[in-house]
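To start, the structure under review is shown below, and the notes come after it.
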Amino acid sequence: MFRRNTLMILVLAFTLIIGVLPATAQDPVEVTLWHMEQPPHRVERIQMLMDEFNAANPDVVVSQEPQNWGEIYTKAPAAVAAGNAPEMLFAIPDFTPILKDLGKLQNVADFVGTLNEAHSFYPAAVAPYSYDEGVWAVPLYNMVHSLWFRNSVFEAAGITPPTTWDEWLAAAEALTTDGQYGIGVPANRQLYTDQTIYNLMINSGADEIYNSDGTLRFANDATVSAYDFYSQLYQFSPPDSPNWTWGEAEACFANRTCAMIMQFTVITTYDTQAEGDAEDLGVVAIPAAEGAENPGAISYVNGVMFLTDDPAKLEASQRFIAWLMEPENYGRFLNMEPGLFLPVTEDGAAAESFWNDPLVVKYRSQVETMVANSASGRLFGFTNGNTFPSISAISAQNLLAQTLQLIVIDGQAAGDAVAEGQSLMEEAISG
Amino acid sequence: MSLVMRRTLLGVAIALLMFLVIAPFYWIFTSSIKLPPEIIASTPTLFPRSFTTQHYDNLLGGSPFLSYMGNSLLVALGTMIITVILSTLAAYGLYRLRFPGRRLLFRVILITYAFPGVLLLIPLYGLLSDIKLIDTLWALIVVDITLAAPFATWMLQAFFRTIPMELEEAAALDGATRLGVIVRILLPLAAPGVASIAIFAFITSWTEYMFASVLIISDANRTLPVGLAGIIGQYQIDWGLLMAGATMTTLPVLLLFALVGRSFVEGLTAGAVK
Amino acid sequence: MSAATQPKRRHSIGAPRWLGYAFVLPLMLWLAATILVPLAQSVLLSFQNVRIIGTPGEFVGFANYTRLFESERFWEAFGRSLIWVLGNAVLQTILAFATALILKQRFPGQKVARIWIILSWIVPTVVVVVIWRWLLSASGGIVNYALVALGITAEPIGFFSSGDSAFASVIAINSWRWFPFQAVILLAALQRIPAELYEAASVDGASTTQKFLNITLPGLQSVLFVMGLIGTLMSFNVFDVIWLLTAGGPSAATTTLPVLIYDTGFRQFRLSQAAAISVVTGVFLLVFALVFMRFAAPPSDDGEEERI
């Protein structure tokens, strides 16, 4: 009995000491990252990198909470308001102005400058986050739209990959046969449609939505011709495309119902759900209208925002991001979704860790095309240094897509619809 | 109408009905065991030509699906227990006691359904955040009870009204306390009804999406509907994973109903006046 | 306990008045905390000009309400909500009644059918949405495949492509989800109607229609009242099915009031405006409920023994 008691006391004392010891030493700084890369394999890859970083930095503990794009616009402001925001939050350019309004967002101009010296950002990557005398997120990865097709399908129809709008429309028409639609283009009031219509706006010379004074110049002839052309392509699209998001478009391409689609990538889907023949998968830049001066495609530079003013937490967060940008880690980070996420730094684009992923090896030529297309990528509201935070209101409501619906669903003429679109935008950005 | 014709018509009607309800689930389940190319094939196959468990392996091994399911079960059970307590008490008061304003109270309870959930979302976020319940399963239990309890209270009326008052009186004469009467006499008689509202509360909580999507922040506390929506993903959809997820989300309630489904339906009908 | 042993006959009717309140109090407190308090905050918010949650706002009086009543989008959404409720009510009532009457018959497997009919109600909305988007897809969806294969249509149908068909599809899908639950509730109420009534009517030579009108409907009055009330309120406030299926589109064709509230608050970032729409919606439903109760409440609703 006595011995058991002694043992108990010893055990108790031991636990107490163990319990007290770490508290007297320096507590690690805990920081949390929210991101919207929710598919399980991406979460797993981010966790792997975090574990490595945490092991190498015992004074910091980085953890992640995957979120959903569908809810983040509600949830992040609510969390900031209630004081339980994360230290780091992934962003696309139009998301930053919303959080900046809440007053928690940190200006990271100096930090981006430091990273730039080490890795050389592509200028186009930093631009969308630079406005109001600050840089509001660190660019992390890029995504750009291209036109995807099957070489064999084109050959069978006797056509070559289109480079002009005339060729493109002719191809869509020729490829529309029994059981196959020439091209799958969405008309949902949703981000995917914003992206596909903006692709055409870029390639008709209507990429500027704002004048340099911040007024809207959406309603112009170039925009009208882009919408008009879109509605012509739409005739050769499947009947359920008004309800599409990216996934349906990819399924349509993978099961050969759609001969062409515009998408960031189809590589993973094509490799796992379709034939996976790397030779047959074709990709080119989005065709441009005759005479368009500065062709390109929509691109999203994703970045990370910092929402803490606690110096220790901010330092820990930035140390993690700096570590992530190191070439030996950066490629592995991008390849959480191989063939989708593209580098935003020069040394990242050369990093072996990026190019040695098995899927990237297999589809190397396609990935090279995507990287090349990303050089001329841009995003509505963030062009030519004319960045106006009010674009958030336009993109959050998907007004580009809504304007398209006026044409393809409600049957308005392109000119009227674009004029109405501009008035919708003006209403959206008004106080 | 002859008996044979009646029978045939009834049979056809039943078959149509069951087809309408069950066929979609058959389609989801069979899709979940097909290989990816067959799932998205432009010519759908009624009977799977391929077989794989890869989607289930991915779901259970590669995603926190089981954790989502555990959370959903906890929230649903919590909602169920508290709803049963609150609703049974209220129903007893409303349907077995006489007091002024009773009818008004009953109506006030029903009218709570007049306010759009969307309307309550933001203020509730603030309130729950003030009492540090944001990102806890309790936040969802609190909300789900509000969604379930008013209707559950009404569901109990049929039972409480059909139990003769004399039983209570007799028990009271024998010296039982009021609580004793409720627990020993009323509840056993109303048991099928209580089982029904328990299941109703469970299902209400199990299927709730909107509040769960906003009030829960961390992946570790996420419930099934929201977790499943996340699996759908942004730019790419793994259809097989989604179908497996949909099947697995249906499975626990299938089991529940296989076990207690009879008491739900019979519970509702048990108040029948013989 | 000594109180219970006192000689006075204690029974429900003789219970002290406060006891009734005591039993109802916990639920009332719960509902007050989770509905009344947030509601008050929403009303407050609706008189300010808050755009994003968490940002400060100023008091602007009735500006949000004036803007609302002048807004075409609001009235269109309002009209759509009415059609939505009506469409759902008609479809669900027909399906639920038919189902309840069928399941009331005796047939082999009746018990099994009564349990599993409920299947579509017990799965989360997200699954319902996944199922139907998948079934109705024009590239590889089984419904379109069947329609074309059976020669009913020449081309696959885009169920969500035009405003009307999208609205109809969403109503059908929502009804598919809810009708079994209503059917089971109706079935329960049908079972409660004493069989002797029907037998006696048969002896008197009443027709099936007469029996339905004179026995079935009156017997269901109490249940129909509550289902009419709660069903309407709940159906009016349905948000997730619509949002997840169409996000209110195409071209706002499925934007009912709850969708408009969400869209205004969280996509246009006009939180105060959204609160104003919510308040107007709430008041409208409240008035509806009061009117409904005034004119449709069965005598039994006051809590007296309803039959026997």
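The values are calculated or read from the model by the stated rules, or taken from the named source; none is laboratory data. What you see is a predicted model; the values in this text were computed from it and never measured. Backbone-built Cβ (ideal geometry, glycine too); neighbour counts: all protein chains shown.
Brief remarks follow.
- When B:ALA90 is tested against (1) facing chain C (nearest Cβ under 7 Å); (2) more than 23 Å from the chain's Cα centre (by Cα); (3) at pLDDT 85 or above, only condition (2) is not met.
- Look at the stretch B:91-118: where a residue is at positive phi, no partner that is outside any helix (DSSP H, G or I) and among the basic types (Lys, Arg) sits 6+ places away or on another chain with Cβ atoms under 6 Å.
- Within the stretch B:5-28, one or more residues are surrounded by fewer than 16 Cβ atoms within 10 Å (Cβ to Cβ) and away from every other protein chain (no Cβ under 12 Å).
- Test: residue in the stretch A:374-386 that is without any contact (Cβ under 8 Å) to a residue 24 or more places away in the chain, closer than 16 Å to A:GLN190 by Cα and of a type outside the set (S, T, N, Q): no
- Residue match in the stretch A:225-239 (condition: under 16 Å from C:SER137 (Cβ atoms), within 13 Å of chain B (Cβ to nearest Cβ) and either of a type in the set (D, E, K, R) or assigned to a helix (DSSP H, G or I) (or both)): no
- Test: residue in the stretch C:51-68 that is closer than 30 Å to C:ASP164 by Cα, surrounded by fewer than 17 Cβ atoms within 10 Å (Cβ to Cβ) and within 14 Å of chain A (Cβ to nearest Cβ): yes
Let's see how each residue does on (1) under 26 Å from the mean Cα position of the chain (by Cα); (2) free of Cβ contacts under 8 Å to residues at least 40 places away in the same chain; (3) outside any loop (DSSP other than H, G, I, E, B):
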| position | (1), (2), (3) |
| --- | --- |
| B:ALA23 | yes, yes, yes |
| B:TRP27 | yes, yes, yes |
| B:SER31 | yes, no, yes |
| B:GLU38 | no, yes, yes |
| B:ALA41 | no, yes, no |
| B:THR45 | no, yes, no |
| B:SER50 | no, yes, no |
| B:TYR56 | yes, no, yes |
| B:SER67 | yes, no, yes |
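- Residue ranges of helices (runs of 4 or more DSSP H) in the stretch A:27-122 with at least 1 members touching a Pro at 6+ places or on another chain (Cβ under 7 Å): A:40-56, A:96-101
- Residues within the stretch C:108-145 that are in contact with a helix residue (DSSP H, G or I) (Cβ under 6 Å, 6 or more places away or on another chain), more than 14 Å from chain A (Cβ to nearest Cβ) and outside any helix (DSSP H, G or I), tallied: 3
- Cβ pairs under 7 Å, 6+ apart, first in the stretch B:122-139 and facing another protein chain (nearest Cβ under 9 Å) and under 16 Å from A:PRO77 (Cβ atoms), second part of a loop (DSSP other than H, G, I, E, B) and of a type in the set (Gly, Ala, Ser): B:ASP135/B:SER218
- Across the stretch C:231-248, the qualifying residues are those that are aliphatic (A, V, I, L, M) and away from chain B (no Cβ under 11 Å), and the one among them that is farthest from C:SER175 (Cα to Cα) is C:ALA247.
- Test: B:PRO188 is out of contact with any helix residue (DSSP H, G or I) (no Cβ under 7 Å at 6 or more places or on another chain) and either part of a helix (DSSP H, G or I) or not charged (D, E, K, R) (or both): yes
- Here is the figure for the stretch A:384-421: residues that are crowded, with 19+ Cβ neighbours inside 10 Å and not in a loop (DSSP other than H, G, I, E, B) total 21.
- Selection within the stretch A:25-40 - more than 25 Å from A:ALA78 (Cα to Cα) and in contact with a Ser or Thr (Cβ under 9 Å, 6 or more places away or on another chain): A:PRO40
- Residue list for the stretch C:227-252, filter: in contact (Cβ under 8 Å) with a residue 60 or more places away in the chain and part of a helix (DSSP H, G or I): C:GLY228, C:LEU229, C:GLY231, C:THR232, C:SER235, C:PHE236, C:ASP240, C:VAL241, C:ILE242, C:LEU244, C:LEU245, C:THR246
- Options B:LEU77, B:LEU86, B:LEU97, B:LEU66; residue that is touching a Ser or Thr at 6+ places or on another chain (Cβ under 9 Å), of a type in the set (A, V, I, L, M, F, W, C) and surrounded by fewer than 18 Cβ atoms within 10 Å (Cβ to Cβ): B:LEU77
- Of all residues making up the stretch B:236-253, the number that are surrounded by fewer than 24 Cβ atoms within 10 Å (Cβ to Cβ) and of a type outside the set (A, V, I, L, M, F, W, C): 4
- So C:LEU29, is it surrounded by fewer than 16 Cβ atoms within 10 Å (Cβ to Cβ) and out of contact with any Ser or Thr (no Cβ under 7 Å at 6 or more places or on another chain): yes
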